[in-house]
Amino acid sequence: MKIVFSKKGDIRFISHLDLMRLFQRAARRAGLPVAMTRGFSPRMKISITKALKLGLESDGEEAVFHMDKAAGPKNFIDLMNQNLPEGIRIIRAEESG
């Protein structure tokens with residue numbers, strides 16, 4: 001699932017690593033079927049295409065969530081936005097090949 005999200009307000013001071021953790025927690029709370037890495041310490045397969053500098057706001061950040069099952073873009077957006085803090089919103093989502 002390719003997404004476009006915004007990062008605004010006080011949350012702009014969150015680091016890239018903390019943003020990754022934030023997305024993992026939100027996806028877990030939403031019950032989304034995000035694929036896991038294999039190995040000793042499995043993690044959700046989520047990647048943010050480019051790290052935004054600390055303190056900058058943006059309306060067009062991109063990320064990819066590797067899914068085990070199809071979740072549907074509308075459903076994905078609704079579930080994630082319910083579980084994300086103020087300042088982070090998923091604007092668009094599309095299923096990728």
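Between the helical axis of 73-83 and the longest alpha-carbon principal axis of the chain there is an angle of about 60 degrees. For the chain, a Gaussian network of Cα nodes joined below 10 Å ranks Leu19, Leu54, Leu32 by mean-square fluctuation, and the top entry is Leu54. Here is the tail figure for the stretch 2-94: Cα pairs spaced more than 16 Å apart come to 51 percent of all pairs.
Each label was represented as a point 7 Å from its Cα along the Cα-to-Cβ direction; for Lys53 and Leu17 these points are 2.1 nm apart. In the chain, helical runs assigned H by DSSP with n ≥ 4 each contribute -39500 (n - 2.57); averaged across all residues and rounded to the nearest 500, the mean residue ellipticity at 222 nm is -8500 deg cm²/dmol.
Extension gain for Arg38 to Ser6 (0.36 nm times residue separation, less C-alpha to C-alpha distance): 8.5 nm. Quarter the surface of the alpha carbon convex hull of the stretch 19-65 and you get the mean projected area, 4.1 square nanometres.
Since every read-out is calculated from the coordinates, none of them should be taken as a lab result. Keep in mind that this is a model prediction, so the values were computed, not measured. Please note: Cβ atoms are built from the backbone with ideal geometry, for glycine as well, and neighbour counts cover all protein chains shown.
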